[in-house]
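S.K.: Structure below; questions to follow.
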Amino acid sequence: MTSRYPQADLSRVRRSSIRDRQSKVHLRDFARPVPEGASVRELIDSLPRLLAAGSLRRAAEAIAGAAREGRAVVVCLGGHVIKTGHAPVLIDLMTRGVITAAATNGAGAIHDLKIALFGHTSEYVERGIGDGAFGMAHETADFLNRAVVEGSKLQLGFGESVGRALVAADCPNRHVSLFAAAYELRVPVTVHVGVGTDVVHMHPSADGAAIGDTSLRDFRILVEAMRGLGGGGVLMNIGSAVVLPEVILKALTVLRSLDVDLAGFTGINMDFVQHYRSNQQVVNRVAELGAEGISLTGHHEIMVPLLAAAVLDEMQARAHREKEGR
């Protein structure tokens with residue numbers, strides 16, 4: 001008995017040799033076991049030369065190249081990056097002259113301030129929302145809100161106001177405060193606030209006029225800091241799904257309206273989930289400006305230190321090649 005249905009005759013298909021075909025994966029691209037006691041270079045070299053591993057290398061090369069050429073490296077980050085403990089890594093890159101400016105949201109400033117003053121942050125929201133205790137710590141709110149009011153009187157930006165206040169208070173953990181370190185290094189860290197989105201806005205010390213004044217000034221500071229992106233700079237977004245990507249879009253628009261040539265920069269979006277706005281603004285739309293976009297996906301607590309290590313290793317390798325005349 002045979003099938004009642006007709007079948008295609010495969011004896012007539014056109015076949016070819018695999019030797020004549022192009023392939024996307026080759027043996028030379030495979031990962032290699034990491035040797036015992038491996039260096040950062042050996043770790044990076046051991047990764048497969050495929051997909052995200054290739055993107056990681058390109059990102060590290062772009063950042064290292066920008067640093068070597070004195071171009072802008074602007075890092076935008078959500079509050080989660082601060083509360084997962086990456087301020088020391090970012091401070092190190094600032095100190096080495098790699099990061100030339102940073103931008104965050106109100107949550108980033110709040111987490112950094114709490115670490116600087118008290119050494120801990122990130123409360124249990126579900127325990128506090130029921131009885132109205134969530135976000136009601138008066139020390140955090142009063143310190144930050146007072147800093148912003150004083151900064152507004154001095155015509156400072158929001159981030160500069162917070163950094164200035166932390167340094168003036170000689171806070172016990174200022175060595176791991178992104179805002180305090182940036183203030184002392186004269187590296188701008190800007191804060192882009194959505195009024196009503198931060199716990200400090202629930203307190204009577206919050207001053208809407210001062211918040212708006214300093215945050216708007218920070219937008220203009222960020223635009224100016226991004227002026228040096230063209231010709232090899234890097235614009236990076238880490239862990240902000242909405243606020244910073246939208247700020248980036250407006251800042252790029254202002255720069256083009258001012259006839260600033262942005263061609264040749266690299267946009268890098270890194271998050272544990274790839275969101276629409278961040279990929280659109282930092283990866284896809286930058287192509288219209290003559291830029292390359294790179295997406296990296298992974299947890300901040302792994303990817304940020306890994307990328308930073310890869311950048312520093314690439315900078316060292318470039319310096320060695322230049323010294324050897326290659």
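S.K.: Answer yes or no as to whether Thr104 is assigned to a helix (DSSP H, G or I) and within 28 Å of Leu216 (Cβ to Cβ).
M.R.: no
S.K.: Residues of the range 297-326 being outside any helix (DSSP H, G or I) and under 19 Å from the mean Cα position of the chain (by Cα), which ones?
M.R.: The answer is Thr297, Gly298, His299.
S.K.: Quick one: is Ile63 β-branched (Val, Ile, Thr) and touching an Asp or Glu at 6+ places or on another chain (Cβ under 9 Å)?
M.R.: Judged against the criteria, Ile63 is a match.
Table: residues versus (1) among the small types (Gly, Ala, Ser); (2) under 21 Å from the mean Cα position of the chain (by Cα); (3) within 23 Å of Gly78 (Cβ to Cβ).
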site: Asp170; (1), (2), (3): no, no, no
site: Val191; (1), (2), (3): no, yes, yes
site: Gly196; (1), (2), (3): yes, no, yes
site: Ala206; (1), (2), (3): yes, no, yes
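S.K.: Looking at the structure I just gave you, is Thr190 modelled with pLDDT of 95 or more, outside any helix (DSSP H, G or I) and crowded, with 22+ Cβ neighbours inside 10 Å?
M.R.: Answer is yes for this residue.
S.K.: Please work out which one of (1) more than 21 Å from Ile294 (Cβ to Cβ); (2) in contact (Cβ under 8 Å) with a residue 24 or more places away in the chain is the condition Leu244 fails and give its number.
M.R.: (1)
S.K.: Further question: Could you check the range 220-247 and list, in sequence order, the residues that are more than 17 Å from Phe158 (Cβ to Cβ) and basic (Lys, Arg)?
M.R.: Within the range 220-247, just Arg227 meets the criteria.
S.K.: Looking at the range 203-236 only, could you name the residues that are in contact (Cβ under 8 Å) with a residue 24 or more places away in the chain, among the small types (Gly, Ala, Ser) and more than 30 Å from Gly264 (Cα to Cα)?
M.R.: Of everything in the range 203-236, those that are in contact (Cβ under 8 Å) with a residue 24 or more places away in the chain, among the small types (Gly, Ala, Ser) and more than 30 Å from Gly264 (Cα to Cα) turn out to be Ser205, Ala206, Ala209, Ala210.
S.K.: Quick one: would you say Ile91 is under 24 Å from Val243 (Cα atoms), in a helix (DSSP H, G or I), in contact (Cβ under 8 Å) with a residue 12 or more places away in the chain and out of contact with any helix residue (DSSP H, G or I) (no Cβ under 6 Å at 6 or more places or on another chain)?
M.R.: Criteria not met by Ile91.
S.K.: Which ones in the range 232-258 are part of a loop (DSSP other than H, G, I, E, B) and modelled with pLDDT under 95?
M.R.: Gly239, Ser240, Ala241, Val242
S.K.: Another question, if that's okay. With respect to the numbered conditions (1) assigned to a strand (DSSP E or B); (2) touching a Phe, Trp or Tyr at 6+ places or on another chain (Cβ under 8 Å), which one is the sole condition not fulfilled by Ile294?
M.R.: Among (1) assigned to a strand (DSSP E or B); (2) touching a Phe, Trp or Tyr at 6+ places or on another chain (Cβ under 8 Å), Ile294 violates only (2).
S.K.: When the range 259-279 is examined, which residues are found to be under 24 Å from Gly65 (Cα atoms) and either among the hydrophobic types (A, V, I, L, M, F, W, C) or part of a helix (DSSP H, G or I) (or both)?
M.R.: Residues satisfying the conditions are Val260, Leu262, Ala263, Phe265, Ile268, Met270, Ser278, Asn279.
S.K.: Taking the stated definitions as given, is Arg285 surrounded by fewer than 16 Cβ atoms within 10 Å (Cβ to Cβ), among the basic types (Lys, Arg), closer than 30 Å to Gly194 by Cβ and over 13 Å from the mean Cα position of the chain (by Cα)?
M.R.: Against the criterion (surrounded by fewer than 16 Cβ atoms within 10 Å (Cβ to Cβ), among the basic types (Lys, Arg), closer than 30 Å to Gly194 by Cβ and over 13 Å from the mean Cα position of the chain (by Cα)), Arg285 does not qualify.
S.K.: If you don't mind, another one. Search the range 154-187 for residues being more than 13 Å from Leu144 (Cα to Cα) and polar (S, T, N, Q), and hand back the single one that is surrounded by the fewest Cβ atoms within 10 Å (Cβ to Cβ).
M.R.: Gln155
S.K.: Would you pick out the residues in the range 253-274 that are crowded, with 16+ Cβ neighbours inside 10 Å and more than 15 Å from Gly228 (Cβ to Cβ)?
M.R.: Hits for the range 253-274 are Ile268, Asn269, Met270, Asp271.
The values are calculated or read from the model by the stated rules, or taken from the named source; none is laboratory data. Fair warning: this is a prediction, and the values are worked out from it, not measured in the lab. As a convention, Cβ positions derive from the backbone with ideal geometry for all residues, glycine included, and neighbour counts pool all protein chains shown.
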